[in-house]
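Report on the structure given below.
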Amino acid sequence: MPRFALVVLIGHAMAACTAVERAPALPLEQVPVTDFNSVAGNWEGVMVRSPQVRSRNDDWVQLHIKEDGTFHFEAYRTIGALSRAGQFTMDQGKLLASSEKGAISARLYRHAGQRDRLLKVEGTSADGVTYNGELTSARRR
């Protein structure tokens, strides 16, 4: 391929990449949780820790919620895995759970006009560390 043709091809490719505009993000709307069936299933995402610690700032979390509100979650860290189970309750459209290890609340959202759902989770451990994350419905693999 002649050098000129290669330069033109690369130039067109770069122009095409820079000309692509992303559509603005659709606004999130909160969906009140009125029964556990509306959130039952598998969820996954990153939970971010605050205050941050150099060795582990975030955890990959998998959360399984059953139709009766019982849940099981696993958090994967570079130092290993953490696993817990519990029972959610509902209050004012959100999920709540607490134990001697800490407390968690979760709110359900979806993008306007879309079916995809998002579970925004906030937690506080017994030692005062907070965790925040956005979990999405886990895809079947």
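The table that follows gives values for the structure above.
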item: Positions within region 103-132 being closer than 20 Å to residue 48 by Cβ and outside any strand (DSSP E or B), in sequence order; result: 126, 127, 128, 129
item: Scan of region 93-102 for residues that are part of a loop (DSSP other than H, G, I, E, B) and either within 18 Å of residue 127 (Cβ to Cβ) or acidic (Asp, Glu) (or both), ordered by number; result: 100, 101
item: Verdict on residue 93 being surrounded by 12 or more Cβ atoms within 10 Å (Cβ to Cβ), touching a Pro at 6+ places or on another chain (Cβ under 6 Å) and not charged (D, E, K, R); result: yes
item: Condition broken by residue 90, with the remaining ones in (1) touching a strand residue (DSSP E or B) at 6+ places or on another chain (Cβ under 8 Å); (2) in a loop (DSSP other than H, G, I, E, B); (3) of a type outside the set (Ser, Thr, Tyr) satisfied; result: (2)
item: Selection from region 44-86 of residues that are in contact with a Ser or Thr (Cβ under 9 Å, 6 or more places away or on another chain), free of Cβ contacts under 8 Å to residues at least 60 places away in the same chain and either among the aromatic types (Phe, Trp, Tyr) or within 13 Å of residue 121 (Cα to Cα) (or both); result: 73
item: Region 53-72, residues that are at pLDDT 90 or above and either of a type in the set (A, V, I, L, M) or closer than 18 Å to residue 130 by Cα (or both); result: 60, 61, 62, 63, 65
item: Region 55-76: number of residues that are within 17 Å of the chain's Cα centre (by Cα) and either within 20 Å of residue 95 (Cβ to Cβ) or not in a loop (DSSP other than H, G, I, E, B) (or both); result: 14
item: Residues that are without any contact (Cβ under 8 Å) to a residue 40 or more places away in the chain and hydrophobic (A, V, I, L, M, F, W, C), drawn from region 104-141; result: 104, 126
item: Residue among 83, 105, 98 that is of a type outside the set (Phe, Trp, Tyr) and surrounded by 16 or more Cβ atoms within 10 Å (Cβ to Cβ); result: 105
item: Subset of region 35-54 [of a type in the set (Val, Ile, Thr) and either under 17 Å from the mean Cα position of the chain (by Cα) or in a strand (DSSP E or B) (or both)]; result: 39, 46, 48
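The values are calculated or read from the model by the stated rules, or taken from the named source; none is laboratory data. Keep in mind that this is a model prediction, so the values were computed, not measured. All Cβ positions, even for glycine, are placed from backbone atoms using ideal geometry, and neighbour counts span all protein chains on display.
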